[in-house]
Structures are given as structure tokens and as C-alpha cells.
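The values are calculated or read from the model by the stated rules, or taken from the named source; none is laboratory data. Quantities reported herein were computed from a predicted structural model and do not represent experimental measurements. With ideal geometry, Cβ positions are generated from the backbone for all residues, glycine too; neighbour counts draw on all protein chains shown.
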Amino acid sequence: MKHLLVNVVCKSNDEKEKALLELQNVCSQCRACDLCKTRSCTVFSDGNASAPIMLIGEAPGPDEDAAGKPFVGRAGQLLNTFLAEAGIDRKNDVYICNTVKCHTPQNRIPTNEEKRACQAYLYGQISIIRPKIILLCGTTALQSFIDQDLKITDIRGKWLNIYDDIEVMAISHPSYLLRQHSTEPNTPRWFMKKDLEKVKAKLDELM
Ligand code: URA
């Protein structure tokens, strides 16, 4: 997938914001797949264009479709708690977006065609932001970014060798963690805490 990044040279935060706004405007008119018929709006991103971490989720849920921002519903609130507990500031440290920019009917998993239709927006965002760390949050992000057959449980928490200059890690999706309540060692919530502690340590090392 390395070839999908293009060389966009945005030096300042203003340049990044301007480039992202242009891409967002194009995305807001997108009719590349049928999701445009049922969405309220495209959900492009939330957060700082110069953030060192880019977190990529699946697709906006109903709350996000109404608000026009990613991860604002219950899963987003749980994500905020995990980030804060690890010492990661969602507002300043993280630029959040999704693999697919439109809500899917009945919140179903996006199809391959829908993911393909959205790919240029996602890789455009990465190319402009050039984060130091990418977090692939959940199965859809992991499988569409790297390999259709990978499982979060096998790969989460490991630094993946995808780019020379961007550290990539897969983490569990907070929607899954909403259904997992235990915080005992070796449970999904415990792994999420440990994974984000690793991310924070990497962030401190890189900054
Ligand atoms: N789940 C996602 O993957 N993204 C959102 O924006 C909200 C819930």
C-alpha cells in the first residue's frame, strides 16, 4: 500500500489545514458509491492537522452521521477515556478519521466497493498530515489498510513495518470494547490500555 501515499509537501499547519479543507470539500460532494444516497453528510475528520497521531476507524455511526464528526457517540466517549488514561490528548495529539466517510445503512460493515470508493480520501489525508504514528482502530481499518485476512486479536499492539517514516499499530475498536467489561489482565480492555501506553511511550520517544 506504500504506493498510495502521494508527495504533498505541506510545511505549516495552515498549509495542511488548507489542503485538508480542499479535500474535505471534494469529499462532501462525493457520489462514488451508493452510501451518498442514505448519508446525512460525509464525516471527514476531527482533530489537529498537525497531530502526531492519526487514528483511523471504520465508518461513522448514526451519532457521527448526525454530528458530522467521527467518534462522538458511545464508542467515541470510551475511546476518549482510554486515550486520556494513557496520557494522550485527543484534541492536540490525535487526528481522527474513518476508512469510509459515510454512515452505512443499519451500521453494517462497509463493503469492499465502498472502501475502495473512499480510499483516495483516506490516503489523501495521510499524505497531507504525514503523522508520526497511525493507529488502525478495529478490523475494517486493519484489513483495508494491510490485508483482508488479518485479525485484530493476532496483530494488535505490534508495531507494523508499513512505511519507513510512519509507525503503524492496530488497536481494538471501542465499539467492541463496549461489549467487554472486564479490566482483568489479558482481557480486551486491559490490552487496549497496554497498547495505548505503548503508543504514548513511542510518542514521547519521537517528539
Ligand atoms: N465507529 C467508527 O469506526 N467511527 C466512528 O466515527 C464512530 C464509530
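Descriptive notes on the structure:
Table: residues versus (1) within 11 Å of the ligand (Cβ to nearest atom); (2) in a helix (DSSP H, G or I); (3) under 22 Å from F191 (Cα atoms).
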position: L23; (1), (2), (3): no, yes, no
position: R31; (1), (2), (3): no, no, no
position: C36; (1), (2), (3): no, yes, no
position: S40; (1), (2), (3): no, no, no
position: F44; (1), (2), (3): yes, no, no
position: I56; (1), (2), (3): yes, no, yes
position: A59; (1), (2), (3): yes, no, no
position: Q77; (1), (2), (3): yes, yes, yes
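- Here K115, K101 are screened, and the one residue that is within 14 Å of the chain's Cα centre (by Cα), assigned to a loop (DSSP other than H, G, I, E, B) and within 13 Å of the ligand (Cβ to nearest atom) is K101.
Every residue, every condition in (1) of a type outside the set (A, V, I, L, M, F, W, C); (2) over 28 Å from D164 (Cβ atoms), yes or no:
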| position | (1), (2) |
| --- | --- |
| L5 | no, no |
| S12 | yes, no |
| C30 | no, yes |
| C33 | no, yes |
| P52 | yes, no |
| F82 | no, yes |
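Residues are listed down the side, and each one gets a yes or a no for (1) surrounded by 20 or more Cβ atoms within 10 Å (Cβ to Cβ); (2) farther than 17 Å from L196 by Cα:
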| residue | (1), (2) |
| --- | --- |
| N98 | yes, yes |
| N112 | no, yes |
| L122 | yes, yes |
| I146 | no, yes |
| I152 | yes, no |
| I166 | no, no |
| M169 | yes, no |
| N186 | no, no |
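- A67 being modelled with pLDDT of 95 or more, surrounded by fewer than 21 Cβ atoms within 10 Å (Cβ to Cβ), more than 19 Å from D165 (Cβ to Cβ) and within 10 Å of the ligand (Cβ to nearest atom): yes
- Here the helices (runs of 4 or more DSSP H) wholly within segment 129-207 that include at least 1 residues being touching a residue at least 60 places away in the same chain (Cβ under 8 Å) and farther than 21 Å from D46 by Cα are 174-177, 188-206.
- Any chance V94 is within 16 Å of the ligand (Cβ to nearest atom), more than 24 Å from R179 (Cα to Cα) and crowded, with 20+ Cβ neighbours inside 10 Å: yes
- Considering residues of segment 26-64 that are polar (S, T, N, Q) and under 17 Å from Y95 (Cβ atoms) only, the residue surrounded by the most Cβ atoms within 10 Å (Cβ to Cβ): T42
- Single match in L5, L79, L35 (criterion: within 24 Å of H181 (Cα to Cα) and touching a residue at least 40 places away in the same chain (Cβ under 8 Å)): L79
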